[in-house]
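Have a look at the structure below before the remarks.
Just so you know, all these numbers are worked out from the coordinates, no wet-lab data involved. Bear in mind that the values here come from a model prediction, so they are computed numbers and not experimental data. Heads up, the Cβs are rebuilt from the backbone with ideal geometry, glycines too, and the neighbour counts pull from every protein chain shown.
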Amino acid sequence: MKTLEFNPNNIGIPNGNYFGLPYSAEEAEIVLLPVPWDVTTSYRSGSHKGPKAMIDASLQIDLYDPLVSRAWEIKIGTLPTPKGIENNNRKVRKTAEVVISALEAGLDGESKDISLVNSACEALHQSVFQTSRIQLEKGKTVGVVGGEHSVPLGLIRALADRYKSFGILHIDAHADLRCAYEGFTYSHASIMHNAIQLPQVTSLVQVGIRDYCQNEAQLIQSRSDLFCFGDIMLHNRLFEGATWHQLCTEIIQKLPSHVYISFDIDGLMPDLCPNTGTPVPGGLSFREADYLLHLLATSGKSIIGFDLCEVAPGRGSEWDANVGARLLYKLCCYTYSNMGINR
């Protein structure tokens, strides 16, 4: 029996690559780095299963895209999962759960446990940083596939070494601006706090935010480089007659010429991601998110990298992974169609 040649019109072949594409990481233009890590998840764990679940679900995606010509020819490669990460995630997650349980009981977490978690997370980010840096030096565009939302910090740091300045388009239900949430320096709730410590990150534009604390709200109001297009404000303006095109145009105008996209799946409506770690009512529809990404890709600004995080498959259901895989394909397609702008 002979091996069939790749045909975008046939069924997806499980070859270990996202979307069943035949391209190796070496020949790819976009490389996806799966990071199955959810050590600091504060509510429901499970996003460590997201990267693999999305590989499986991505085989069901038809690769034709009406907005991106010959999308199936985009050379998207899949990098190997960092060695030992899954075993380390299981072990360190248990320690994090001890800390979280203590806090929920009104007690302080043990400093040695918090230090262990922080050290493991720093090692994880250093691994993502080194892998990303190598790929960027090869001229690749890198996309991180989480895992919890803390995992792209290494990629953001690598981009900060490469670009003098860039902005972040952050789509999420949460502001993620907490400092060392629950004592964890690299908490999933602290990713944007950590990102804006980098002087190269000159603006943070947040979309769909609807669950954040007083300190985060005050921080957003006090800084001229933070722009929050909260879920209530966006939908109130839609209800009052604004078009989604107008709102997306305003969002994109706040971004500089180089843009990194950080997409937490819970930025979408929870019926699209019911098993994510911290679902919140409200959010964007799939089409609204897709339109915003497409408008950004055709705006003249340059997309320099992206992540998709917090996809957590449910028991007996591929729905979360199905939605996540389709959103991941959109991120890849629009990033590719945008390549060459302002590079």
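Hey, what do the phi angles of segment 210-222 turn into as Karplus ³J(HN,Hα) couplings, whole Hz, using 6.51/-1.76/1.60 and θ = phi - 60°, x for Gly and Pro?
Listing the rounded values in order: 8, 8, 8, 9, 4, 4, 5, 4, 5, 5, 4, 5, 8 Hz.
Give the longest segment of the chain that steers clear of GluC sites (Glu not before Pro) in DSSP loops with at most 14 neighbouring Cβ atoms within 10 Å, not counting the sites themselves.
111-239
Among DSSP beta bridges whose residues both lie in segment 31-338, state the antiparallel percentage, nearest 5.
5
Pairs of alpha-carbon atoms within less than 8 angstrom and 6+ residues apart define the contacts here; what relative contact order does the chain have, in percent?
Averaging sequence separation for qualifying contacts and normalising by length gives 20 percent for the chain.
Hey, in the GNM for the chain with a 10 angstrom Cα cutoff, which one of Leu33, Leu67, Leu153 fluctuates hardest?
Among Leu33, Leu67, Leu153, the largest GNM mean-square fluctuation belongs to Leu67.
Per Stokes-Einstein, at 20 °C and 1.002 mPa s, what whole-number D in µm² s⁻¹ belongs to segment 31-338, with the Kirkwood radius over Cα pairs as the hydrodynamic radius?
111
What percent of all Cα-Cα pairs in segment 220-294 falls into each 10 Å bin, going from 0 up to the bin containing the maximum distance?
It works out to 16, 47, 33, 3, in whole percents.
Over the chain, with a Gaussian network built from C-alpha contacts below 10 Å, which listed residue (Lys75, Lys83, Lys94) shows the highest mean-square fluctuation?
Comparing Lys75, Lys83, Lys94 in the GNM, the peak value goes to Lys83.
For segment 246-332, report the translational diffusion coefficient in µm²/s to the nearest whole number, using Stokes-Einstein at 10 °C, 1.306 mPa s, and a Kirkwood Rh over Cα pairs.
For these conditions, the coefficient is 117 µm²/s.
Scan around Val144 for amide H atoms under 5 Å from its own, H built in the peptide plane at 1.01 Å from N, and keep only partners 5 or more places away or cross-chain.
Leu33, Phe306, Asp307, Leu308
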